[in-house]
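Shown next, in structure tokens, is the structure this report addresses.
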Amino acid sequence: MVAEVMAELEDPKTREVNEKHGDDHGVNLSRLRALAKQLKAQQELACRLWETDDTAARLLAILICRPKAFESDELDVMLREARTPKVHDWLVNYVVKKSPHSEELRLACSADPDPVVASAGWALTTERVAKKPEGLDLAGLLDVVEAEMKDAPDRLQWAMNHCLAQIGIEHVGHRTRAIDIGERLEVLKDYPTSPGCTSPFAPIWITEMVRRQHEK
């Protein structure tokens, strides 16, 4: 049944676009979300879908699972298995961030030698920078970004850059240093940005988001 549904959701044009970004699926995500809404939360089915190792099936699994039902070690394994960007991104944002084990995983992943796993740790840290910064060593995080972001692999570099920008946006006492680090490292400075979208280059990103905050 699952294979039949996935085949119906397949769109060749979507696959062509996704493969350019490293995602090996051609599923229309709007239709996938509609299917997930129809299925509702089903933890057992979600686990079976994940075990298929199929990207589209794993995306559906993420949408219908119960994040709080996973143990820490299960999520650790899943983070290591999620190699395509979309699956990894959804797993972190829709499951790990909602788990009672998110802080434990943040600390473990951040120190992991695997750059993809480490990027999950940085994504979880960025969440804390924005929503629960108490106890975080923001200056220490900036030290690490300054020393390691320039030469980090793409996925890890992107996550570190997001954390850098979030620190600059949310914490005025660290804003000048965050902008200075971004200007000196020039990470994502030339990243192509569509009209109307904000550049991921940290100095531009920080300045624009602070401007918007002041306009509210």
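Among VAL87, VAL77, which is the only one that is within 17 Å of CYS65 (Cβ to Cβ) and out of contact with any helix residue (DSSP H, G or I) (no Cβ under 9 Å at 6 or more places or on another chain)? Break it down into steps so the answer makes sense when it comes.
Numbers: VAL87 fails: out of contact with any helix residue (DSSP H, G or I) (no Cβ under 9 Å at 6 or more places or on another chain).
When all the criteria are applied, what remains is VAL77.
Can SER194 be described as of a type in the set (Ser, Thr, Tyr), open to solvent by 10 Å² or more (accessible area, probe 1.4 Å), touching a Lys or Arg at 6+ places or on another chain (Cβ under 9 Å) and closer than 24 Å to HIS88 by Cβ?
Details: of a type in the set (Ser, Thr, Tyr): yes; open to solvent by 10 Å² or more (accessible area, probe 1.4 Å): yes; touching a Lys or Arg at 6+ places or on another chain (Cβ under 9 Å): no; closer than 24 Å to HIS88 by Cβ: yes.
No.
Here is a list: ARG128, ARG155. Which entry is crowded, with 16+ Cβ neighbours inside 10 Å, in contact with a helix residue (DSSP H, G or I) (Cβ under 6 Å, 6 or more places away or on another chain) and of a type in the set (Lys, Arg)?
From the options ARG128, ARG155, the qualifying one is ARG155.
I'd like the full set of residues that are open to solvent by 50 Å² or more (accessible area, probe 1.4 Å), within 22 Å of the chain's Cα centre (by Cα) and closer than 16 Å to GLU8 by Cα, limited to the stretch 36-66.
Within the stretch 36-66, just ASP54 meets the criteria.
The values are calculated or read from the model by the stated rules, or taken from the named source; none is laboratory data. As the structure is a computational prediction, the values presented were derived from the model and not from experiment. Cβ sites come from the backbone with ideal geometry, for glycine too, and all protein chains shown count toward neighbours. Note: areas computed on protein heavy atoms with side chains; ligands, DNA, RNA excluded. Shrake-Rupley method; radii C 1.70, N 1.55, O 1.52, S 1.80 Å.
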